[in-house]
Amino acid sequence: MARPDPHSFRDDTQPVVGHLSWDVRADFRTRTLDAVAELRLRSAGATRRAGGLLDLDTRDLTIVSVTADGADAAFELGPADPVMGSRLRIALPAAAAAVRIRYRTSPCSTALQWCSPEQTADGTHPFLYSQCQTIHARSMLPVQDTPAVRFSYDAALQVPAGLTALMSASAAGPGERGFRFEQRQAIPAYLLALAAGRLERREIGPRSTVWAEPSQLAAAAWEFAGVEQILATAEKLFGPYAWARADLLVLPPSYPYGGMENPQLIFLTPTLIAGDRSLVTVLAHEIAHAWTGNLVTAASLDHFWVNEGFTIFAERAITTRMIGRDLTELRAAVGRADLEADLRYLAGQPELTRLRLDLSGIDPDVASSHVALEKGYLFLRAIAESAGAERFLGFLRDYLAAFRFGSVTGEEVVAFARERLPGAVDYDEWLYGSGLPAGAPAVSSPLLDAVVAIGQAAPEPDVAAAWSADEWQVYLAGLGPPVPAGLLAELDSRYQLTASSNPEILRLWLTAALNSGYTAAVPAAVDLLGRVGRLKFLKPLYDALARNPDTRVLAQECFERSRGRYHPIAVTVIGARLSQADGSR
Ligand code: BES
Ligand code: ZN
């Protein structure tokens with residue numbers, strides 16, 4: 001095999017990057033990074049001894065110069081593939097130890113969002129942040145951008161005066177060339193992360209600091225105060241935390257995800273700050289990734305469920321211990337509803353509803369859905385229910401120990417499980433089948449069943465008054481579509497759902513309302529789409545607006561108006577969905 005990852009030009013007969021030394025100046029005027037990446041090479045394969053080639057991934061980079069062990073090296077930048085970017089091919093002299101590449105990023109780098117002050121919470125300073133998962137590290141630096149290659153890194157990051165720079169690493173104190181960082185553990189490229197803004201910090205645990213813009217700091221510190229309890233619970237389940245710190249960063253409202261498991265610096269959307277700690281499961285999820293994903297990593301995006309399915313399972317194991325099974329089951333029910341909505345959306349592309357994917361030539365961000373997360377979760381839950389909870393936990397620990405700081409394919413995971421838990425489930429059906437297997441685990445608990453029993457009726461006021469945000473989510477997720485117009489109007493007037501300040505409740509309410517033709521919800525949907533850039537909210541709302549002939553044009557107009565404020569990943573994903581909706585008319 002030469003190129004094992006369909007989304008990377010990395011050739012596995014060539015040397016691998018073992019360490020990155022990165023020197024970066026962030027230029028907010030031109031919206032570019034001016035940088036030098038020194039890649040130290042590992043593995044004294046035959047190619048390296050004899051000299052040969054090194055193929056790296058890049059996207060929209062301007063390569064200024066390349067040296068190998070201090071001498072100029074010949075290089076060639078290939079044509080741009082729309083999904084993969086361009087191959088940078090470097091000619092290595094015999095026994096080369098390191099290459100040094102001087103380059104600049106493009107203002108359109110797909111990893112980076114350069115926010116103007118107006119796009120931040122406080123509106124006073126610009127903000128820069130990266131999102132490298134899935135395949136965007138290559139738009140920030142030339143690298144083997146495949147999760148099958150891991151490297152440690154050190155970095156010096158220069159940013160304008162008044163801004164604080166952070167990375168997915170330990171701070172190594174300010175140096176002459178800006179903020180310095182060091183990540184001693186070997187990580188895949190997609191876990192590289194940087195941010196710079198007007199940021200302040202507060203300690204919220206023995207190994208945790210939360211960083212946020214000044215106006216959000218106090219609220220963020222309160223919302224995420226449970227971080228140490230989550231870490232301690234995870235350690236009891238999965239063994240010692242492998243990273244030096246567990247800091248958190250609150251991003252601007254355009255952040256495209258709920259959270260991102262960047263090592264030592266979890267990125268979080270500000271939409272989690274609900275004021276009642278009702279959305280901290282996302283934090284438990286990102287912390288769980290420190291084991292599932294960051295320690296044991298899916299070998300390519302064809303096996304993405306190995307990251308996300310295990311992490312949803314680990315997240316729910318953590319919250320089961322912290323808040324009990326009854327409450328955790330409510331979240332699993334919302335996850336199940338999200339999965340079913342995605343299965344309906346993907347009805348014409350059943351190959352994208354398998355756990356084992358073949359994404360060659362396909363943009364992994366556009367293909368991403370709840371399948372990896374929630375079908376992956378149900379697969380593991382099915383094994384756990386068949387083998388027994390304690391036995392499955394033992395299996396999970398063995399799995400983490402066996403593949404620690406390595407990468408695995410779904411096939412390797414299944415082989416490992418089959419050997420230890422033979423016959424627990426139909427492994428092949430789960431791995432290769434589309435949709436959900438007939439015997440998929442059913443989510444159920446007394447609290448959950450009480451909400452589900454209401455069905456398409458309005459909850460009585462005394463019942464609803466006692467509901468948590470989770471019960472509201474379960475209720476709304478189970479409502480339809482379609483939901484009778486009378487019920488929607490009644491719910492809205494009784495419970496003011498269109499004015500909900502909890503964004504998770506709001507997205508489920510607005511999705512149900514728009515999908516059932518309740519046009520009174522349209523202005524609130526347009527308002528939300530203009531305020532936040534989180535894909536979990538954008539996807540269902542744009543889909544619903546685009547599906548309805550009365551709001552199709554509005555969806556397009558809203559996107560044109562808002563796209564300048566979204567992260568480049570969100571622009572690509574929503575742009576693709578809108579043109580697909582347009583094409584399927
Ligand atoms: N690693 C993901 C974010 C991600 C997903 C990045 C797909 C790129 C492609 C993160 O851990 C995640 O799963 N976030 C979820 C929330 C989580 C609680 C399910 C999200 O963003 O909504
Ligand atoms: Zn995740």
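The table that follows gives values for the structure above.
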{"read-out": "Which listed residue, of ARG561, ARG507, is within 19 Å of ARG336 (Cβ to Cβ) and charged (D, E, K, R)", "value": "ARG507"}
{"read-out": "Options ALA457, ALA442, ALA438, ALA464: the member that is loosely packed, with under 15 Cβ neighbours inside 10 Å and under 24 Å from THR319 (Cβ atoms)", "value": "ALA442"}
{"read-out": "Of residues in the range 573-585 being over 16 Å from VAL532 (Cβ atoms) and surrounded by 17 or more Cβ atoms within 10 Å (Cβ to Cβ), the one nearest to ligand 2 (Cβ to nearest atom)", "value": "ARG577"}
{"read-out": "Close pairs (8 angstrom Cβ cut-off, 6 or more residues apart or separate chains): farther than 19 Å from GLY564 by Cβ in the range 518-547, within 16 Å of ligand 1 (Cβ to nearest atom) and outside any helix (DSSP H, G or I) anywhere", "value": "LYS536/TYR257; LYS536/GLY258"}
{"read-out": "Qualifying strands (runs of 3 or more DSSP E) (wholly inside the range 198-292; at least 3 residues being within 16 Å of ligand 1 (Cβ to nearest atom) and touching a residue at least 40 places away in the same chain (Cβ under 8 Å))", "value": "247-250, 265-268"}
{"read-out": "Members of the range 298-315 that are closer than 21 Å to ASP247 by Cα and either polar (S, T, N, Q) or more than 9 Å from ligand 1 (Cβ to nearest atom) (or both)", "value": "ASN307, THR311, ALA314"}
{"read-out": "Helices (runs of 4 or more DSSP H) wholly inside the range 413-495 that include at least 2 residues being under 27 Å from the mean Cα position of the chain (by Cα) and touching a residue at least 12 places away in the same chain (Cβ under 8 Å)", "value": "427-432, 469-477"}
{"read-out": "Among (1) under 19 Å from GLY433 (Cβ atoms); (2) charged (D, E, K, R); (3) free of Cβ contacts under 8 Å to residues at least 12 places away in the same chain - the single one ARG381 does not satisfy", "value": "(3)"}
{"read-out": "Subset of the range 250-270 [within 16 Å of ligand 2 (Cβ to nearest atom) and more than 13 Å from the chain's Cα centre (by Cα)]", "value": "LEU251, LEU265"}
{"read-out": "Residue within the range 382-402 that is more than 21 Å from ARG316 (Cα to Cα) and out of contact with any Pro (no Cβ under 6 Å at 6 or more places or on another chain) present", "value": "yes"}
{"read-out": "Matching residues, the range 410-438, being touching a Gly at 6+ places or on another chain (Cβ under 7 Å) and over 16 Å from ARG354 (Cα atoms)", "value": "none"}
{"read-out": "Flag if VAL483 is over 30 Å from GLY123 (Cβ atoms) and in contact with a helix residue (DSSP H, G or I) (Cβ under 8 Å, 6 or more places away or on another chain)", "value": "yes"}
{"read-out": "Filter result for the condition that a residue is more than 14 Å from ligand 1 (Cβ to nearest atom), among the basic types (Lys, Arg) and in contact (Cβ under 8 Å) with a residue 12 or more places away in the chain, over ARG344, ARG331, ARG356", "value": "ARG356"}
{"read-out": "Unique match (being within 16 Å of ligand 2 (Cβ to nearest atom) and surrounded by fewer than 21 Cβ atoms within 10 Å (Cβ to Cβ)) among ASP326, ASP338", "value": "ASP338"}
{"read-out": "Among the candidates ALA384, ALA372, residue that is modelled with pLDDT of 95 or more, closer than 21 Å to THR146 by Cα and touching a helix residue (DSSP H, G or I) at 6+ places or on another chain (Cβ under 6 Å)", "value": "ALA372"}
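Let's see how each residue does on (1) closer than 30 Å to ASP302 by Cβ; (2) polar (S, T, N, Q); (3) in contact (Cβ under 8 Å) with a residue 24 or more places away in the chain:
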{"position": "ARG10", "(1), (2), (3)": "yes, no, yes"}
{"position": "PRO15", "(1), (2), (3)": "yes, no, yes"}
{"position": "SER21", "(1), (2), (3)": "no, yes, yes"}
{"position": "VAL24", "(1), (2), (3)": "no, no, yes"}
{"position": "SER43", "(1), (2), (3)": "yes, yes, yes"}
{"position": "GLY51", "(1), (2), (3)": "no, no, yes"}
{"position": "VAL64", "(1), (2), (3)": "no, no, yes"}
{"position": "LEU77", "(1), (2), (3)": "yes, no, no"}
{"position": "ALA96", "(1), (2), (3)": "no, no, yes"}
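Condition check ((1) within 14 Å of ligand 1 (Cβ to nearest atom); (2) part of a helix (DSSP H, G or I); (3) touching a residue at least 12 places away in the same chain (Cβ under 8 Å); (4) farther than 14 Å from ARG336 by Cα) across all residues:
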{"site": "GLY361", "(1), (2), (3), (4)": "no, no, yes, yes"}
{"site": "ASP365", "(1), (2), (3), (4)": "yes, yes, yes, yes"}
{"site": "LEU373", "(1), (2), (3), (4)": "yes, yes, yes, no"}
{"site": "ARG391", "(1), (2), (3), (4)": "no, yes, yes, yes"}
{"site": "GLY394", "(1), (2), (3), (4)": "no, yes, no, yes"}
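The values are calculated or read from the model by the stated rules, or taken from the named source; none is laboratory data. Here the structure is a predicted model, which means the values were calculated and not measured. Glycine gets a Cβ as well: all are built from the backbone with ideal geometry, and neighbour counts include every protein chain shown.
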